[in-house]
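**Q** Would you mind keeping the following structure in view while I ask a few things?
Please treat every number below as a calculation from the coordinates, not as lab data. A quick note: this is a predicted structure, and the numbers were derived from the prediction, not measured.
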């Protein structure tokens, strides 16, 4: 959910998302995130994902 929140809130970088994690109530209210991972943990989880795996979902959304 944190990865989804970061992209849907259109943060310019992981650092910008990391700075917002302690003060943004929306992360808790809308995304139901109690503990937002730090930017290092986000990179560890998101970097291995091949963007090609997500392409089909985006194609359907943008049609």
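**Q** When the chain is fully extended, how far beyond the present Cα-Cα distance does residue 38 get from residue 7, taking 0.36 nm per residue of separation?
**A** 9.6 nm
**Q** Computed on alpha carbon atoms, what radius of gyration and Dmax characterise the chain, expressed in Å?
**A** That works out to 12.7, 36 Å for Rg and Dmax.
**Q** A further question follows. Below 8 Å, C-alpha to C-alpha, sequence gap of six or more: please give me the relative contact order for the chain in percent.
**A** 35 percent
**Q** To the nearest 500 deg cm²/dmol, what mean residue ellipticity at 222 nm is calculated for the chain from DSSP H runs of n ≥ 4 alone, each contributing -39,500 (n - 2.57), summed and divided by the residues?
**A** -15000 deg cm²/dmol
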